[in-house]
Amino acid sequence: MSRRGAVRRVVSLVPSLTEAVAATDPGLLAGVTDWCSHPPGLDAVRVGGTKNPYTGRIAALAPDLVLANEEENREPDLAALRAAGLRVLVTEVRGLEQAFAELHRVLVDGCGLPRPGWLDEAEAAWREVRPASPERRAVIPVWRRPWMVLGRDTFAGDLLARLGVRNVHRDHPERYPRIPLAELNAAGAELVVLPDEPYRFTADDGPEAFPGIPAALVGGRHLTWYGPSLVEAPRVLAEALAAAR
């Protein structure tokens, strides 16, 4: 597919895909969500949130392609964009290998770009990862009030497993189950992993709920985003996990 003959304008409704496109060809981005924070200083029209995009504003931008994700974006919004005649590419990412495949599909097959060097670097970085030993059993909250944690079949859970962290709820029937705090503390975890998104856990907001359990504060961009951040994610996450003793 000819790059300039096919795709000249892209709207991204997924922060990690926004960063992936910007790192490869920033001139493609015509619109991004209010949550698209990387790269800093991104020059593109803001089109609302991931869950409540302004579909009329997106249609008015006349993009050649809209990038979305089955978990982050709502099907009624995507259906409205399709009804407006727009081409929508929807990704599904439940693990690291799938993330790499979807990034190639978005950038090369979808946008018509050459495969970026950073994607090869990310794959190489993760091939070198060896899980820490011994394995540590962990609770991994993503929200509080109510408490929600990683369950089965999640991208973040796969990354942590590769680093030697066993999610105690990895066999839960739900992907993001709501579990009372008392049950989380009684789950036999040796570690609690607290990302700063979607809920912004901090040193003063989160660890105190798990007395006696070491807490690892990690950046959500390195744990949950699939894009250029995957290059440094193995090192950054491993350092944060090792510091929780």
Rounded to the nearest Å, the spacing of the alpha-carbon centers of the range 95-127 and the range 136-171 is 24 Å
Here the residues of the range 60-80 lying in the modelled label zone of VAL45, meaning backbone nitrogen under 13 Å from a point 7 Å along Cα-to-Cβ, are 60-65
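Once the piece of chain linking ALA6 and SER133 is laid out straight, how much longer is it, given 0.36 nm per residue of separation minus the C-alpha distance between them? Present the calculation step by step, with values, prior to reporting the outcome.
Values: separation 127, 0.36 × 127 = 45.72 nm, distance 4.84 nm.
Stretched out fully, the ALA6 to SER133 stretch lengthens by 40.9 nm.
So if each residue of separation counts as 0.36 nm, and I subtract the Cα-Cα distance between ARG87 and ALA242, what length gain in nm does that give? List each step's numbers first, then the result.
Details: separation 155, 0.36 × 155 = 55.80 nm, distance 4.39 nm.
So the extension gain works out to 51.4 nm.
Please calculate how many Å² of accessible area the range 1-128 carries per residue, with a 1.4 Å probe and no DNA, RNA or ligand atoms counted.
Values: 5570 Å² over 128 residues.
That works out to 44 Å² per residue.
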In whole Hz, the Karplus estimates of ³J(HN,Hα) for the range 14-27 (6.51, -1.76, 1.60; θ = phi - 60°; x where Gly or Pro) are 10, x, 5, 6, 4, 5, 5, 5, 4, 6, 9, 7, x, x
The answer for trypsin sites (Lys or Arg not before Pro) in the range 1-74 that fall in a DSSP coil and have at most 12 neighbouring Cβ atoms within 10 Å is LYS51
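How do the peptides 15-21, 200-206 rank, highest first, by the average count of neighbouring beta carbon atoms within 10 Å per residue?
Values: 15-21: 25.9, 200-206: 13.4.
Going from most to least packed, we get 15-21, 200-206.
Rounded, prolate or oblate for the range 129-245? Axes are the square roots of the Cα gyration tensor eigenvalues, ordered a ≥ b ≥ c, and the cut-off for rounded is a/c under 1.5. Before the final figure, lay out the partial values.
Values: a/c = 1.35, a/b = 1.31, b/c = 1.02.
Note, shape of the range 129-245 comes out rounded.
Once you sort the root eigenvalues of the Cα gyration tensor of the chain as a ≥ b ≥ c, which label holds: rounded (a/c under 1.5), prolate (a/b larger than b/c) or oblate (the other case)? Walk me through the numbers on the way to the answer.
Working: a/c = 2.32, a/b = 1.69, b/c = 1.37.
Because a/c hits 1.5 or more and a/b exceeds b/c, the chain counts as prolate.
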With all protein chains present, the range 1-133 has a carbon and sulfur share of its accessible area (1.4 Å probe) in percent of 50 percent
Amide H proximity to VAL88 below 5 Å, modelled H, separation 5+ or other chain, gives VAL66
With all protein chains present, the range 156-245 has a carbon and sulfur share of its accessible area (1.4 Å probe) in percent of 52 percent
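Decide, for the range 120-167, between rounded, prolate and oblate: order the square roots of the alpha carbon gyration tensor eigenvalues as a ≥ b ≥ c, take rounded if a/c falls under 1.5, and otherwise choose prolate if a/b is larger than b/c, else oblate. Show your work: numbers first, answer last.
On the way: a/c = 3.34, a/b = 1.72, b/c = 1.94.
Oblate, because a/c is 1.5 or more while a/b does not exceed b/c.
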For the range 1-142, the charge dipole (Cβ of Lys, Arg +1; Cβ of Asp, Glu -1; about the Cα centre) points to a positive end, and the Cα of THR18, ALA124, GLN98 closest to that extreme belongs to THR18
For the range 97-114, in residue order, the Karplus 3J(HN,Hα) values (coefficients 6.51, -1.76, 1.60; θ = phi - 60°; whole Hz; Gly and Pro = x) are 4, 5, 4, 4, 5, 5, 4, 4, 4, 5, 7, 8, 6, x, 8, x, 8, x
With -39,500 (n - 2.57) per DSSP H segment of 4 or more residues and division by the full residue count of the chain, the 222 nm estimate, nearest 500 deg cm²/dmol, is -8500 deg cm²/dmol
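The values are calculated or read from the model by the stated rules, or taken from the named source; none is laboratory data. Here the structure is a predicted model, which is why all the values come from computation and not from measurement. Here the Cβ is made from the backbone with ideal geometry for all residues, glycine too, and neighbour counts use every protein chain on show. The protein model used for the area step is the full one, side chains on, heavy atoms only, and it has no ligands, DNA or RNA in it. Shrake-Rupley method; radii C 1.70, N 1.55, O 1.52, S 1.80 Å.
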